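One structure is given here, and the rest of the page talks about it.
The values are calculated or read from the model by the stated rules, or taken from the named source; none is laboratory data. All values derive from a computational prediction rather than experimental measurement. Cβ placement follows ideal geometry from the backbone for every residue including glycine, while neighbour counts extend to all protein chains displayed.
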Amino acid sequence: MATIKEIAELAGVSRGTVDRVLNHRGFVKPETEKKVLEIAGLLHYEPNKAGMALAAQKKKFVIGVLLFGEGNPFFDAVIEGLQQKSEDLSIYGCTMLMRRIPFDLQAQLAAIDALRAEGIHGLLLSPYNAAEVQLKIDELWDAGIPCVTVNTDIPNSRRIAYVGSDYHKCGRVAANLLGLVGSGAIRLGVITGSHNILCHEERIFGFSDYIRENRLPVEIVDIRENGDDDYQSYDVVSAMLTGHPDIDALYFTAAGVFGGCRAIQNASLPKPPVVITFDAVPSTVEMLKAGVITATICQHPEEQGARSLALLVDYLLTNKLPEQPLLYMDLEIKIKESF
């Protein structure tokens, strides 16, 4: 493995200059910086992990985590992944400040400001899809606080990476799945979490695009929000089924699945609808086993948490932007027999 001393000798500079270049401390001429980086690249230089750990422990990195839905089991699983990866990265002495908020723009803006005031060095964020949040992310970047978006994204912001699903693809997979398990003309009801959450909207757009492109006989008769809440979802689905008792299928783009499924169970319908959902949280698995849900599409929340934290810590340690700013999870379809 190449050393700082070897790079310095080849570049004809001091070890201190190489250290400043590799650790982005400035006060180096651009041509010297370019030369040092080229030599380090040719020698496949990698920072010493022990040295990186010592430096990180001195800096005492604090990472803010801001996720939706107190009690939302999907984000509970994301947090499990975060905590497991945090143990793996304990050598670097990082700590996390975790906050859970509802789908509310002002709540998210206030929470970002509060975390910044507490001195965070980086932020893991499931963003509300609004220009004000994009501006906050950009302001954090300008202040030297990098952000990684988790589970849902704001593509035009200055976040350093997004970790989650390709949600347009999720919608297309769901539509293809409905076409495989449904029969004849299908009247569909869509239950989404919030129109202000990009991933929820993209799941609808991807679904609609696939239907149109493949000329599937699917008519979307109603779209309603449930705020990712089971109680609200029960009321929303009950009202939808009352207004459209001839619905053949239901497509849940977010959480609140259990409450919606309870409404299906309690409704007087001529035939049970096909039900397509996302994720395999315990309550969804229960409804899948009961035959209420036809299939669910999983997106690995634990991995989302683990990989987002690893990316952010790596940037804080090296100041190198991720080679792949979009890290999409594999999609996995599960049915009753999967459990």
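Would you mention how many residues in the stretch 201-211 are surrounded by fewer than 24 Cβ atoms within 10 Å (Cβ to Cβ) and closer than 23 Å to G259 by Cα? Explain how you work it out, then say what you get.
The first filter runs over the stretch 201-211 and keeps only residues surrounded by fewer than 24 Cβ atoms within 10 Å (Cβ to Cβ), leaving 201-202, 204-206, 208-211.
Still in the running and closer than 23 Å to G259 by Cα: 201-202, 204.
Final tally of qualifying residues: 3.
For the stretch 261-279, which residues satisfy the criterion of being in contact with a Phe, Trp or Tyr (Cβ under 8 Å, 6 or more places away or on another chain) and crowded, with 20+ Cβ neighbours inside 10 Å? Let's see the steps before the verdict.
Residues of the stretch 261-279 that are in contact with a Phe, Trp or Tyr (Cβ under 8 Å, 6 or more places away or on another chain), as a first pass: 262-263, 275-279.
Of everything in the stretch 261-279, those that are in contact with a Phe, Trp or Tyr (Cβ under 8 Å, 6 or more places away or on another chain) and crowded, with 20+ Cβ neighbours inside 10 Å turn out to be A263, V275, I276, T277, F278, D279.
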Matching option when the condition is touching a Lys or Arg at 6+ places or on another chain (Cβ under 7 Å) and hydrophobic (A, V, I, L, M, F, W, C), among A267, A263, A280, A290: A280
Suppose the filter is aliphatic (A, V, I, L, M), more than 30 Å from R20 (Cβ to Cβ) and within 17 Å of the chain's Cα centre (by Cα); does A280 pass it? yes
Select the helices (runs of 4 or more DSSP H) contained entirely in the stretch 1-47, then report the ones holding at least 1 residues which are touching an Asp or Glu at 6+ places or on another chain (Cβ under 8 Å) and at pLDDT below 85. 4-11, 15-22
What number of residues within the stretch 53-83 are at pLDDT below 90 and assigned to a helix (DSSP H, G or I)? 9
Kindly establish whether T296 is at pLDDT 90 or above, crowded, with 22+ Cβ neighbours inside 10 Å, touching an Asp or Glu at 6+ places or on another chain (Cβ under 8 Å) and not aliphatic (A, V, I, L, M). yes
Return only the number of the condition from (1) closer than 18 Å to D228 by Cα; (2) polar (S, T, N, Q); (3) assigned to a loop (DSSP other than H, G, I, E, B) that S157 does not satisfy. (1)
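Filter the stretch 173-200 for residues that are farther than 30 Å from F68 by Cα and in contact (Cβ under 8 Å) with a residue 12 or more places away in the chain; which is surrounded by the fewest Cβ atoms within 10 Å (Cβ to Cβ)?
First, the residues of the stretch 173-200 that are farther than 30 Å from F68 by Cα: 179-187.
Now narrow it down to the ones that are in contact (Cβ under 8 Å) with a residue 12 or more places away in the chain: 179, 181-182, 184-187.
Numbers: G179: 16, V181: 14, G182: 19, G184: 6, A185: 10, I186: 20, R187: 16.
Taking the candidates together, the pick is G184.
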Just to be sure, is Q304 farther than 19 Å from P73 by Cα and of a type in the set (S, T, N, Q)? no
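Any idea which of E337, E323 is acidic (D, E) and in the same structural domain as D153 (by TED's automatic domain parsing)? If you could, list the steps in order and put the result at the bottom.
Details: E337 fails: in the same structural domain as D153 (by TED's automatic domain parsing).
The unique qualifying residue is E323.
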Per the list (1) out of contact with any helix residue (DSSP H, G or I) (no Cβ under 7 Å at 6 or more places or on another chain); (2) modelled with pLDDT under 95, residue check on L188 breaks on (2)
Those helices (runs of 4 or more DSSP H) completely within the stretch 172-287 that have 2 or more residues that are touching an Asp or Glu at 6+ places or on another chain (Cβ under 6 Å) are 257-266
Go through N176, N151, N129 for me and flag whichever is more than 30 Å from K60 (Cβ to Cβ) and outside the structural domain of D279 (by TED's automatic domain parsing). N129
Restricting to the stretch 136-172, and then to whatever is in contact with a Gly (Cβ under 7 Å, 6 or more places away or on another chain) and among the polar types (S, T, N, Q), can you tell me which residue is surrounded by the fewest Cβ atoms within 10 Å (Cβ to Cβ)? T152
